[in-house]
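Visitor: Below you'll find the structure I mean.
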Amino acid sequence: MQNWLYILLIVLSVYILISVLLYFLQDYFLFKPEKLSKDFQFYYDNQEIEEYNVETRDGATINGLRFKSENPKGIVFYLKGNSKSIKGWGKFAVDFTRHGYDVIMVDYRGFGKSTGRRTQKAVKRDMQVIYNKLKEKVSEKYIILYGRSMGSGFAAKLASMNNPRMLILDAPYYSLSKVAKKYIPFMPLSLLIKFPMPTHKWLKYVNCPIHIIHGTDDRLIPYKTSVKLSKIKPELTKLYTVIGGGHKDLNTFESYHKMLTEIITTRPKKFDLEGSSINVKHSSRRANAKA
C-alpha cells in the first residue's frame, strides 16, 4: 500500500511540474519569432513599401509595413502566422497588390522590430489600434481582413468588433487550446494556456462575408476544423478547399490563387430564390413505389 502511495505521489509531482513548466514556457513552444535590429532595411523586388511604427499605451512599439499599389481599390490587413517576422511574410503581399490592393502587415509583440510583453489581450488591443488607424484613412467597406493560421484568430476577433468588407481565414484553427490538446491531451489546457484564441466564439459575432481557405492535407490544423467553423455562420460563410494543400504550401497551388482572385475581385451578388427548387423534397422510396 505504501509503495502505491509513493508511486502516486511521484506521478502527481511530475504532473504538477509539467503543468508549471507548460504554463511558464508555453510562449517558447507556441511562438517562433525572428528578431530584427532597429536599423534593418526591408526590401522587396517590384514592391513599393512604407515602414511605420505605432506606439501603444503601455509603451510597446508595433512595427509594420504598407505595401502600396497604384490607385488602390482598398486595403488588406494581413495578420500573419506565428513564425519569424514580416521580413519573410512580406513576399505574400504581392498576391493582393497585383489586384490593386494596398497591404498592411505588422509584427506582433516580440516579433521583428516590435516590442512589448506579449499577451492575448495586448495583441488583440494592438490589432484594434492598427485597425482604428486604417479607419481614419478609409471607410471600412474598403478594408479586408486576412488571417493566416495563428493570425486567423486575431482577424476573427477584429471582424467581430468592427465592420470590414470581408473576413478571409487561411488555415484557421477552432481554438489554440484545441490544437495544443492534440499534442498533450492529458494536460488541463483550459487552465494553463495563456492564448486560448477561441476563433469559434468570435466568429459568432461576425456580420460580414466570411471566406475560409484550407488544404485537405493540413497535418497541423486538420481540414475538418474549417468545415466545423464554416457551420457557425453558414449564411455568411463560404468554404474553399485546396485539394492536396498542406499547412504551409497553399500559395504553391494554382487553385489557391484562383480562389483568392475570386474572393477579392468579385462583389457579392444578390440572388432571388423565387421559383427555385429550394423547398422541393425528394419523395420517399415508399411513396415512389406507390406511384
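Visitor: Does A122 count as among the small types (G, A, S) and in contact with a strand residue (DSSP E or B) (Cβ under 9 Å, 6 or more places away or on another chain)?
Guide: It is false that A122 is among the small types (G, A, S) and in contact with a strand residue (DSSP E or B) (Cβ under 9 Å, 6 or more places away or on another chain).
Visitor: Follow-up. Report every pair of residues separated by at least 6 positions or lying on different chains whose Cβ atoms are under 9 Å apart, first residue within the range 58-73 and in contact (Cβ under 8 Å) with a residue 60 or more places away in the chain and more than 28 Å from T261 (Cα to Cα), second surrounded by fewer than 21 Cβ atoms within 10 Å (Cβ to Cβ) and polar (S, T, N, Q).
Guide: A60/T115; I62/N53; I62/T56; I62/T115
Visitor: Which pairs do you get when a residue that is at pLDDT 95 or above, found in the range 141-152, comes within reach of a residue that is of a type in the set (D, E) and open to solvent by less than 10 Å² (accessible area, probe 1.4 Å), reach meaning Cβ atoms under 6 angstrom, with the pair 6+ apart or on two chains?
Guide: Listed by first residue and then by second, the contacts come to R148/D170.
Visitor: In the range 223-239, how many residues are in contact with a Phe, Trp or Tyr (Cβ under 8 Å, 6 or more places away or on another chain) and closer than 25 Å to Y142 by Cα?
Guide: 1
Visitor: For T252, state whether it is open to solvent by 60 Å² or more (accessible area, probe 1.4 Å), of a type in the set (S, T, Y) and either farther than 29 Å from T97 by Cα or without any contact (Cβ under 8 Å) to a residue 12 or more places away in the chain (or both).
Guide: Numbers: open to solvent by 60 Å² or more (accessible area, probe 1.4 Å): yes; of a type in the set (S, T, Y): yes; either farther than 29 Å from T97 by Cα or without any contact (Cβ under 8 Å) to a residue 12 or more places away in the chain (or both): yes.
Considered against the rule, which asks whether it is open to solvent by 60 Å² or more (accessible area, probe 1.4 Å), of a type in the set (S, T, Y) and either farther than 29 Å from T97 by Cα or without any contact (Cβ under 8 Å) to a residue 12 or more places away in the chain (or both), T252 comes out as yes.
Visitor: So for the range 104-116 (the condition being touching a helix residue (DSSP H, G or I) at 6+ places or on another chain (Cβ under 7 Å) and among the acidic types (D, E)), does at least one residue qualify?
Guide: Pass one, the range 104-116, residues touching a helix residue (DSSP H, G or I) at 6+ places or on another chain (Cβ under 7 Å): 104-109, 112, 116.
In the following step, the residues that additionally are among the acidic types (D, E) were identified as 107.
Yes, some residue in the range 104-116 is touching a helix residue (DSSP H, G or I) at 6+ places or on another chain (Cβ under 7 Å) and among the acidic types (D, E).
Visitor: On to the next question. Which one of I243, I232 is out of contact with any Ser or Thr (no Cβ under 8 Å at 6 or more places or on another chain), open to solvent by 40 Å² or more (accessible area, probe 1.4 Å) and either β-branched (V, I, T) or modelled with pLDDT of 95 or more (or both)?
Guide: Numbers: I243 fails: out of contact with any Ser or Thr (no Cβ under 8 Å at 6 or more places or on another chain).
Exactly one residue qualifies, and that residue is I232.
Visitor: Is the range 38-58 home to any residue that is part of a helix (DSSP H, G or I) and either of a type in the set (S, T, N, Q) or at pLDDT 80 or above (or both)?
Guide: no
Visitor: Within the set of pairs 6 or more residues apart or between chains, which connect a residue that is among the β-branched types (V, I, T) and modelled with pLDDT of 70 or more inside the range 257-284 to a residue that is surrounded by 10 or more Cβ atoms within 10 Å (Cβ to Cβ) and part of a helix (DSSP H, G or I) with Cβ atoms less than 8 Å apart?
Guide: I264/F96
The values are calculated or read from the model by the stated rules, or taken from the named source; none is laboratory data. What you are looking at is a predicted structure, and each value in this text was computed from that prediction instead of being measured. Positions of Cβ are generated from backbone atoms using ideal geometry, with glycine treated the same way; all protein chains shown enter the neighbour counts. Protein only, heavy atoms only, side chains kept; ligands, DNA and RNA dropped before computing areas. Shrake-Rupley method; radii C 1.70, N 1.55, O 1.52, S 1.80 Å.
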